[in-house]
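Chemist: Can you keep this structure in mind? I'll have questions shortly.
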Amino acid sequence: MGVSRRYEVSRWGGLTAKQRAQRERVRFEAAEMFAAGASPAQVARQLRVSRKSAHAWRAAWRAGGADALRSKGPSGCPSRMKPSWRAWLEQALEEEPAAHGWVEDQWWTLERVAVLVARRFHVRFSEPQMSRILHQMGWSVQVPVHRAAERDEQAVAAWIKEAWPRVEKR
């Protein structure tokens, strides 16, 4: 599988920054409603959220004010793939695999990219991790069209015309 540049970055699980900001706005609206004396049930109904969320938000608001309802950023562990490594990998992927020792064919595979990163930074990423990192960087997996260099178009056309109708009848 080859890897190519893509204009839209996919997200793999979690929320985007835009979605986190939207949820934060809803929590701030809840804080304003609590300050005006609304109950968690009213907030839940008005903002179309669960009562459990509204109760949790009110408890956080009482303890720390509206600042307690701010987004804490993306969840989960921070990536081991440092931003400077991503910049290096970006440049390395722009080069052909032959520049990094793969001369059999000129396709980047997840396995090759993972090996490339491991050689350079001594950190091993699994193929699913590497796929997620590449998607975050704006790269997508592409499957090349497999055609033999020795392909005889006339023989293929003859087979489609003569043999295929016999095979199709079965």
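Chemist: I need the full set of residues from the stretch 100-147 which are in a loop (DSSP other than H, G, I, E, B) and hydrophobic (A, V, I, L, M, F, W, C), in order please.
Modeler: Correct list: Trp102, Val103, Trp107, Trp108, Val123, Phe125, Met137, Val143, Val145.
Chemist: Continuing with this model, one more query. Filter the stretch 53-67 down to the residues that are more than 23 Å from Thr16 (Cβ to Cβ) and loosely packed, with under 15 Cβ neighbours inside 10 Å and list them by number.
Modeler: Ala59, Arg62, Ala63, Gly64, Gly65, listed by residue number.
Chemist: To continue, here is another question. For the stretch 101-110, give me each residue that is crowded, with 17+ Cβ neighbours inside 10 Å and either on the phi > 0 side of the Ramachandran plot or not β-branched (Val, Ile, Thr) (or both).
Modeler: Hits for the stretch 101-110 are Trp108, Leu110.
Chemist: Please go through the stretch 68-98 and pick out each residue that is assigned to a helix (DSSP H, G or I) and surrounded by 10 or more Cβ atoms within 10 Å (Cβ to Cβ).
Modeler: Selection gives Ala68, Leu69, Trp85, Arg86, Ala87, Trp88, Leu89, Glu90, Ala92, Leu93, Pro97, Ala98.
Chemist: Do you know which residues across the stretch 41-50 are part of a helix (DSSP H, G or I) and closer than 17 Å to Arg23 by Cβ?
Modeler: Val43, Ala44, Gln46, Leu47
Chemist: Being of a type in the set (Gly, Ala, Ser), under 29 Å from Leu15 (Cα atoms) and either touching a residue at least 40 places away in the same chain (Cβ under 8 Å) or in contact with a Phe, Trp or Tyr (Cβ under 8 Å, 6 or more places away or on another chain) (or both) is the requirement here; does Ser140 meet it?
Modeler: Yes; evaluated as a whole, the condition is true for this residue.
Chemist: Continuing with this model, one more query. Restricting attention to the stretch 137-170, and to residues there that are modelled with pLDDT under 85 and surrounded by 15 or more Cβ atoms within 10 Å (Cβ to Cβ), which single residue is nearest to Pro83 (Cα to Cα)?
Modeler: Ser140
Chemist: Go through (1) surrounded by 10 or more Cβ atoms within 10 Å (Cβ to Cβ); (2) modelled with pLDDT under 90; (3) within 27 Å of Thr16 (Cβ to Cβ) and name the single condition Ser131 misses.
Modeler: Ser131 satisfies all of (1) surrounded by 10 or more Cβ atoms within 10 Å (Cβ to Cβ); (2) modelled with pLDDT under 90; (3) within 27 Å of Thr16 (Cβ to Cβ) except (2).
Chemist: Right, next: So is Val49 β-branched (Val, Ile, Thr), in contact (Cβ under 8 Å) with a residue 24 or more places away in the chain and in contact with a helix residue (DSSP H, G or I) (Cβ under 8 Å, 6 or more places away or on another chain) or not?
Modeler: Criteria not met by Val49.
Chemist: How do the pairs read when you match residues in the stretch 92-107 that are under 16 Å from Ser140 (Cα atoms) and without any contact (Cβ under 8 Å) to a residue 40 or more places away in the chain with residues anywhere that are in a helix (DSSP H, G or I) and basic (Lys, Arg), using Cβ under 9 Å and keeping only pairs 6 or more apart or on different chains?
Modeler: That search, which allows pairs on different chains as well, returns Ala92/Arg120.
Chemist: So which pairs qualify, if the first residue must be in the stretch 111-133 and in contact (Cβ under 8 Å) with a residue 12 or more places away in the chain and within 11 Å of Met81 (Cβ to Cβ), the second must be assigned to a loop (DSSP other than H, G, I, E, B) and among the basic types (Lys, Arg), the Cβ gap must be under 6 Å, and the two must be at least 6 apart or on different chains?
Modeler: Pairs that qualify, where the first residue is in contact (Cβ under 8 Å) with a residue 12 or more places away in the chain and within 11 Å of Met81 (Cβ to Cβ) and the partner is assigned to a loop (DSSP other than H, G, I, E, B) and among the basic types (Lys, Arg), are Val123/Arg80.
Chemist: Being in contact with a helix residue (DSSP H, G or I) (Cβ under 6 Å, 6 or more places away or on another chain), surrounded by 17 or more Cβ atoms within 10 Å (Cβ to Cβ), of a type in the set (Val, Ile, Thr) and closer than 29 Å to Ser140 by Cα narrows it down to one residue among Val113, Val117, Val43; which is it?
Modeler: After applying the criteria, what remains is Val113.
The values are calculated or read from the model by the stated rules, or taken from the named source; none is laboratory data. Since the model is a prediction, treat every value here as computed from it, not as a measurement. All Cβ positions, even for glycine, are placed from backbone atoms using ideal geometry, and neighbour counts span all protein chains on display.
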